[in-house]
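Here, each number is a calculation from the coordinates, and none is a lab measurement. Treat the numbers as computed from the prediction; the structure is a model and nothing was measured. Here the Cβ positions follow ideal geometry from the backbone for every residue, glycine too, while neighbour counts run over all protein chains shown.
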Amino acid sequence: MTSPDPAKAQDGAPAAPRGRGRPPKRSAKLQMLLDGAAELFNLRGISATSVADVADILGLSRASLYYYVDDREDLVFQCYLRACELTADDLAAAAGEPTGLARTLAFVRHSLMPTPVPRR
C-alpha cells in the first residue's frame, strides 16, 4: 500500500500550497515598529536618531528590533516604503471623486487622518 501524496487532496486534485513567509502577527508588529520609527525620524531627524533610540522609545530591545530590520539604513528604507504605501492608499481612496478638486481635497483629508485607513 502506498502512502498518500501530500501534494494531492483527497479528490486527486493538487492541494493548495501552504502559506509561506512570516505569520501576520509579524506584519502587524513590523508596521507598528515602522510607524513609531517614522514618527521619531520626523521629530528628531534621521541623522539624529539611532536604532537604540527607536528601540528605547518603542520599548523593544535592540535584538528584537534587528529581528525586523537589518540595520539603520534598512529601517529608514522600510519607513520610506511604508510612507509610499500609505500615500498610494490615500490616492486610491481619493480616486473615486468626480472632479480634480474633489480628488485633491479627498487626498488631503485622507493624508491628514491621525490613523491610516486599513489597507485592502
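When peptides 63-70, 108-115 are ranked by their average number of other Cβ atoms within 10 Å per residue, the highest-first order is 63-70, 108-115.
Per the Kirkwood formula applied to alpha carbons, segment 66-105 shows a radius of gyration over Rh ratio, Rg over Rh, of 1.28. What you get for segment 57-101, charging only the Cβ of Lys and Arg (+1) and of Asp and Glu (-1), is a dipole of about 200 debye around the Cα centre.
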